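Can you read through this structure? Questions will come right after.
All of the numbers you see were taken from the coordinates with simple rules; none came from a lab. What you see is a predicted model; the values in this text were computed from it and never measured. Don't worry about glycine lacking a Cβ; one is built from the backbone with ideal geometry, like all the others, and counts go over all protein chains shown.
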Amino acid sequence: MRFDGKLVAVTGGNGNLGRAVAALALQRGARVALLDLGFSSDAAPAGISRHPVDLLDAAASRAALESLGAVDVLCNVAGGFAIGTPVHETDDAVWTRMFDLNVRTLLNASRAVVPGMLARGAGRIVNIGAAAALAGLPMMGAYCAAKSVVIRLTESMAAELKDRGINVNCVLPSIIDTPQNRADMPDADPALWVSPAQLAEVILFLASNAADALHGSAVPVKNRG
């Protein structure tokens, strides 16, 4: 699964998963553009460009993505998680934040790149859902709801775009093995979680020509357990 000559844009590019996707795409020959609110001060490797942008700002998102030129692959990695209160006690700010981070960022980025993909008759979009999107879970109503919207949007976009040369699919990871999750769940066994590198492999499979026949798929990704 090579990406020679392809431009892969990754939202949420400063996070653990975004960096893993970028590293693997670069290894496989892609040029990579990372988009996020900000980036660490270390220099980006050759072949990776960084673009600070507020992905909740539709105009800024469009300007940033259009400035890249022809985007062949869009990986909508930007997102967020919240847990802690039952649905009837979850305040409006949490609902808004979950839909902003997980849905609006996806919409703003997709709106910016799809017209160009349509003009070229080719493109790949991979969204990040969650295993938690498949059923409501206690204390996670807003997150489950937002990620379930990601699945429905993936299916709708795939149905709209599959006859125009554009594949749209999503992954449904279980808990991702990140430093933050290890700190938040010190008694859990991270060997049961999916690593960013494992998840990046599946994302780039969906972004490759090997996934030509997949449209609107929601692919569960988990390790053991």
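Within the bounds of region 28-49, is there any residue that is among the hydrophobic types (A, V, I, L, M, F, W, C), outside any loop (DSSP other than H, G, I, E, B), out of contact with any helix residue (DSSP H, G or I) (no Cβ under 8 Å at 6 or more places or on another chain) and surrounded by fewer than 16 Cβ atoms within 10 Å (Cβ to Cβ)?
no
Let me ask something else. Do you know which residues across region 121-165 are surrounded by fewer than 19 Cβ atoms within 10 Å (Cβ to Cβ) and either of a type in the set (Phe, Trp, Tyr) or on the phi > 0 side of the Ramachandran plot (or both)?
Gly121, Met139, Gly165
Let me ask another. Restricting the search to region 186-204, which residues are in contact with a Leu (Cβ under 9 Å, 6 or more places away or on another chain) and either closer than 12 Å to Ile128 by Cα or not small (Gly, Ala, Ser) (or both)?
Our first condition is that a residue be in contact with a Leu (Cβ under 9 Å, 6 or more places away or on another chain); within region 186-204, this holds for 196-197, 199-201, 203-204.
Hits for region 186-204 are Pro196, Leu199, Ala200, Glu201, Ile203, Leu204.
Moving on to the next point. Checking Leu35 against (1) within 17 Å of the chain's Cα centre (by Cα); (2) more than 19 Å from Val126 (Cβ to Cβ): exactly one of these is not met. Which one?
Here Leu35 meets the rest and fails (2).
Moving on to the next point. Name the residue, out of Ala64, Ala22, Ala59, Ala82, that is part of a helix (DSSP H, G or I), touching a residue at least 24 places away in the same chain (Cβ under 8 Å) and more than 15 Å from the chain's Cα centre (by Cα). Don't jump to the end; show me each part of the working.
Working: Ala22 fails: more than 15 Å from the chain's Cα centre (by Cα); Ala59 fails: touching a residue at least 24 places away in the same chain (Cβ under 8 Å); Ala82 fails: part of a helix (DSSP H, G or I).
The match here is Ala64.
Something else: For a quick check of your reading of the model, give me the residue pairs whose first member lies in region 99-110 and is assigned to a helix (DSSP H, G or I), whose second is surrounded by fewer than 20 Cβ atoms within 10 Å (Cβ to Cβ) and small (Gly, Ala, Ser), with beta-carbon atoms closer than 7 Å and at least 6 apart or on different chains.
So the pair list comes out as Leu101/Gly80; Asn102/Gly80; Asn108/Ala58.
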